[in-house]
Amino acid sequence: MDKTLKASFFALLAALLYSFSSPFSKVLLSSFPPTLLAGVLYLGAGIGTTSTLFFTNKNKERERIDKSDMVYVVLMVILDIAAPVFMMKGLSITRSENASLLGNFEIVATAIIALLFFRERVSRKSGLAILLITLSSFILSYNRSTSFSIDKGSLLIILATCFWGLENNCTRRLSNKDPMETVAIKGIFSGSGGVILGLIVGERLDNLTLLIPALILGFFSYGMSIYFYIYAQRYLGAAKTSAYYAVNPFIGVILSFLIFKEMPAPTFYLALLFMAAGSLIITIDSLNSQENPCDSRL
């Protein structure tokens, strides 16, 4: 299979796995403190991928992370502590389908940071898509109960996606390394940091049996999703991989409707329309692009 085609498939698979995160995390948040849950999800990713790395990683040709990568590794870990904490706190006070759609703002953050700091190309069509996604995010963030105010939960989720946008670009600098090793580092250190932070702020988990489903969700939605995402970045670049990742919020929305059986406000459908249009444009533009996304525009 062509490497670019394989990378595109893995980017879509990463999106599918991550789409389970918002609705099932929302279920867990009914009994699970948000900061602790953020940490445990990443620990699930770290424990699972570390075990997989130990038993299956026999490829000696892959580059290992070394001292020259430490700046990006440290930034990646710090951002991966902050982002899921803001995501879980936002998800705990807003609707699951809103959170799923707002997750697509990560495309905006990733593309803008890739353009400004890492000189990756962003076409005019992608620029239009970014505007549509931003408009959709604004509609979703509007608090209908009061005039001209922003929903706090939505704002926290947007902030989380900005952290992840920066983290995507840091991870892109490591995409030529062993992806399983990168995921293991992200999971173990970011997860441990999140759990420690949760305990410091006074969070406690009363029902310890919830750790098992949280760890499993973390392994698949964060661990394997991140692994496939990093692999795709190696051949597609940060901005283009995020374009394929755009399908994940729509799967999350469908799952949210099936699980919670709540009908959203009319403005949600307007936001959904803009988000779908933006996601379609940026995906088609990425598929039609003939440039190497890893080339720098110096």
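The values are calculated or read from the model by the stated rules, or taken from the named source; none is laboratory data. Just so it is clear, the model here is predicted, and its values are computed rather than measured. Please note: Cβ atoms are built from the backbone with ideal geometry, for glycine as well, and neighbour counts cover all protein chains shown. To get the accessible areas, we keep the full protein, side chains included, count just its heavy atoms, and leave off ligands, DNA and RNA. Shrake-Rupley method; radii C 1.70, N 1.55, O 1.52, S 1.80 Å.
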**Q.** Dipole magnitude of the chain, debye to nearest 20 (Cβ charges: Lys/Arg +1, Asp/Glu -1, about Cα centre)
**A.** 260
Q: Work out which helices of the chain, taken as complete DSSP H runs, extend at least 27 Å along their axis over the Cα atoms and score a mean Kyte-Doolittle of 0.5 or more, then list them.
A: 34-56, 70-92, 152-172, 266-288
Q.
Given axes a ≥ b ≥ c from the Cα gyration tensor, I'd like to know whether segment 194-238 is rounded (a/c under 1.5), prolate (a/b larger than b/c) or oblate.
A. oblate
Q.
Students often get this wrong, so check it: of K3/K240; K67/K186; K6/K177; K89/K261; K125/K261, which have C-alpha atoms separated by over 26 Å?
A. K125/K261
**Q.** Eligible aspartates and glutamates near K26 by straight Cα distance, threshold 13 Å, same-chain separation 8 or greater
**A.** E97
Q: Show the residues, 5+ positions off or on another chain, whose built amide H is closer than 5 Å to the amide H of Y142.
A: D151
(Q) With every protein chain kept in place and ligands, DNA and RNA left out, what is the accessible area per residue of the chain? Probe 1.4 Å, answer in Å². (A) 46
Q. Given H placed 1.01 Å from N in the peptide plane, which residues other than close sequence neighbours of A265 have an amide H under 5 Å from its amide H?
A. none
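Based on the Cβ-Cβ distance of Y269 and L5, what FRET efficiency does E = 1/(1 + (r/R0)^6) give at R0 = 25 Å, to the nearest 0.05?
On the way: r = 34 Å, r/R0 = 1.36.
According to the calculation, E is roughly 0.15.
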Q) In the chain, carbon and sulfur make up what percent of the accessible area (probe 1.4 Å)? A) 69
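Mind running the shape call on the chain? Use the C-alpha gyration tensor, a ≥ b ≥ c as the square roots of the eigenvalues: rounded below 1.5 for a/c, prolate if a/b tops b/c, oblate otherwise.
Values: a/c = 1.69, a/b = 1.07, b/c = 1.58.
It is oblate, given that a/c is not under 1.5 and a/b is not larger than b/c.
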Q) Based on the alpha-carbon gyration tensor of segment 141-218 and its eigenvalue square roots a ≥ b ≥ c, which shape applies: rounded if a/c is under 1.5, prolate if not and a/b is larger than b/c, or oblate? A) oblate
